[in-house]
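The values are calculated or read from the model by the stated rules, or taken from the named source; none is laboratory data. These numbers were taken from a predicted model, which means no experiment stands behind them. Cβ atoms come from the backbone with ideal geometry, glycine included; neighbour counts cover every protein chain shown. Each accessible area value is taken on the protein alone, full model and side chains, heavy atoms only, with ligands, DNA and RNA left out. Shrake-Rupley method; radii C 1.70, N 1.55, O 1.52, S 1.80 Å.
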Amino acid sequence: MKRGDRAQGAWIAWRTLTRSQLRERPLQLLATVTAIALGVALGSAVYLVNSAALDEFDQATRRLAGAADIVIRGPPEGFDEALFVSLARHAAVSAASPVLELELTLPGAHPPLKLLALDPFRAAALQPVLMGEIGPDITRLFARDTIVLSRAAAQELGLGRGDALPIIVGGGPKSLRVIDVLSDSVYPEPLGIMDIATAQWSLERLGRLNRIDLRARPGTNVAALRTALSAALPPGVVAVTPAIERGRALNATRAYRVNLNMLALVALLTGAFLVFSTQSLAVLRRREALGLLRALGVTRSQLQCALLGEGAAIGVAGSVLGALLGGVVAALVLRYLGSDLGNRALVAMSAVLVVRPLPMAAFVLMGTGVACLGAWIPASEAARRAPALAMKAGDAEPALSRLPTGWPALALIATGSVLAWLPPVGGLPVAGYLAIAALLAGAILLIPTLMQWVTGAARRSGRATLDTAVAQLQGSAAVSTIGLAAIIVSFSLMVAMAIMVHSFRNSFDLWLVKLLPADLSLRLSFDSDTGALSADQQSRIAGLPEVARAQFRRVRQIWLHGERKPVALIARELNPRHAADTLPLVRTAGQEAPAGAQPAWISESLQDLYGYHPGDRLQLPLGARMQDLFIAGVWRDYVRPEGAIVMTRADYVADTGDGSANEGSIWRRPHTSSAALEAAVRAALNIGDALELIGSEQLRERSLVLFDRAFAITYALEGIAVAIGLLGVSVAASSSALARRAQFGMLRHIGMLRRQVLAMLAIEGLIMSTLSVIYGLLLGTALSLILVYVINRQSFNWSIDLAVPWPQLGALSTILITASALTALWSGRAAMSQDAVRAVREDW
């Protein structure tokens, strides 16, 4: 047969089969298309929202770095401005711009405001867009306590030209005057711009800088220049390139984005199992028609191509619909919920949705490919079946039952178990994801063997209805596999995610209890740079009659490596011999710090990112020199993924001379109310709402609310995956019931009552759903171990303790079992609505 004839035959067969499907089973096809659409929509929506946020970050970073080739960065408190003079005179540097980049502490609940203090004359060469917007009269910046705001900052703070911007400097209030507001095109995020001399005076940073922008002379090797400058910089000062600056947001959020994409892929793969179920059962239902087509001259390859074409059509329709739906969802999320998707590192206020053709085409191709993959086995099976056998009555059990699945299943499960022990690749748990995929595939292949073993072990009860249901399941293990595949995959993954999220939430709650032992928590804006309580203010609080005890902390940023974000240094009061009473330690060095070394405790993130371990020595830049620290232990920290170091406050003050604090914990005396304690503290400091005071229980509840918000997208993805699985159950039950119409008719002919047949179907549905739920619980628990101990640990560099939400899983299991049994019963009633004699004649 010529190639053109073969293609025409496949086209005619595809058109005939597709029309019959659309005419006879439109709702099943709609359910399958919807499943693929949901998976593609989730993946594309997550991609579009994340891309919008990352594009916004990249644009903002480019505007701040301008035309600089190298950026010199130091801690927020800065370094001596004499360094600028020496770098500006370097033979390879053509332009240098001094910068003071800080996070201004704002009163009330406002987040810190990013400030860029520049020398207007030098910045004009490196940040021309920023300076050009201010206009020709840059002398306005030289006035005392003046600031220019971006449009986003002015809108967020509700300020305009001439208004006062209240800020906190040290432990007291101060006010800056807004002299101009930049247009939206200059900088999309909240930003303040000041003259550097004005900022140094107003913010008590005289003689200090914390950033220098450098432009190299033409022909200079920038990498070599950066290396040379790095060797001569003071401790705690690093040299980076703008490309490194732009890449930090991408690296910091990569693990979170990958995990969201994996969850979206789970929904898509669950849709593939639904395509597999739909097409397999469609092949069973139409086996006589397919056999007739073969007998009329349709070749095996033509029939296989036609059935694959059905799956491809489902995939194309679902993928295109899903891509459109994903764009709509992404637009709604950006408009009403923001770009973070629960991850605060991804917040971009002015993120704009941009739909690029190539990525969206990739999602369409992915959905189509997944659908074709789901249709491949049923198509191959139908093509291999002989026409005479296909048209013969009773040939309902597919060839899949004759395939060896036991050993391949065990091999896949063993492979997944080995992959779970492998380290991350490029900071991502690639082997962990492969382990989950291998375990899922192996578990699905093992279903026929387990079904035969479980049903074969069942003894006769003497009750016709029950025994008939069990006998039916014994003889249709492969059909049962088709019906159970989608629900087992979706339910097991939902169980795994539920256990992981519950474990994380439980560990996070215990962590909060450990770190919030006091009655009242005090803070001067999180992650800000200008607010701090002086030693006198701390003494005033500790001396209040309402205060039983007060402890204060100094939290600041330290640069350990130029290509990573700065780590948090936490100086707090603790007893080195009993650090576990204060910190949630997970490992200790087992020995005290040697003479001449100060003890320190690092977070799990810092251990993983920098390779330090208990007992190692850490050189930390403090007080313009390197301090020798002994790593006495590793503690659990869920707030700072870039890493954190804890040291005693006494050692910190001795090293730096800095006795200020920006956080604290306060215990009240007996018979003193929380309201009275808060009022006394506010009166003692007299800085209004600049001071954030909150009860530890309130702070814990607020933190848990933020945690639930961060995992809201995860809950949604879980629910959609289970909904797709339930669609699979419905499709499988209805198709199976319609394919067994002749069997129902025969049972009625031999004397079984209608209610007995319906009871038999309900029992079958109950047994299958119960087995699938038990199997899904066991498989999901196994997968949760990989999520908890491998993927979570390798993705976010922190550990959690396993905790199983038994009530939640029990309730969901009951709902699934009930829904599956009712679906089987409803499908049977629909199939039995026809006359019994006519049903039996179909097989004569």
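Here are the numbers for the structure shown:
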quantity: Distance between the range 526-576 and the range 134-169 - C-alpha centres, whole angstrom; calculated: 29
quantity: Cα-Cα pairs of the range 37-106 separated by more than 18 Å (percent); calculated: 61
quantity: Modelled FRET efficiency - R0 30 Å, A88 with W667, Cβ distances, 0.05 increments; calculated: 0.05
quantity: Gain upon complete extension [D163, W453; 0.36 nm per residue less C-alpha separation]; calculated: 96.6 nm
quantity: L30 - accessible surface, heavy atoms, 1.4 Å probe, Å² rounded to 10; calculated: 100
quantity: FRET efficiency, 1/(1 + (r/R0)^6) with R0 22 Å, evaluated for M626 and D80 via beta carbons; calculated: 0.85
quantity: Accessible surface, 1.4 Å probe, highest first, among residues I377, I444; calculated: I377, I444
quantity: Inter-label distance, nm, simple model (7 Å from Cα along the C-beta direction), R335/A411; calculated: 5.3
quantity: Surface per residue (accessible, 1.4 Å probe) for the range 170-249, Å²; calculated: 39
quantity: Prolate/oblate/rounded call for the range 499-586, Cα gyration tensor, a/c under 1.5 rounded; calculated: oblate
quantity: Translational diffusion coefficient (Stokes-Einstein; Kirkwood radius from C-alpha pairs) of the range 137-191 at 25 °C, 0.890 mPa s, in µm²/s; calculated: 209
quantity: Per principal axis, descending, Cα span of the range 57-166 in whole Å; calculated: 46, 32, 31
quantity: Overall Cα dimensions of the range 536-688 - principal axes, largest extent first, Å; calculated: 47, 30, 30
quantity: Residues A295 and S183, FRET efficiency given R0 of 60 Å [Cβ-Cβ distance, rounded to 0.05]; calculated: 0.20
quantity: Under 5 Å, built H, 5+ apart or other chain: amide partners of D801; calculated: S507
quantity: Whether the range 123-255 is rounded, prolate or oblate, judged on the alpha carbon gyration tensor where a/c under 1.5 counts as rounded; calculated: prolate
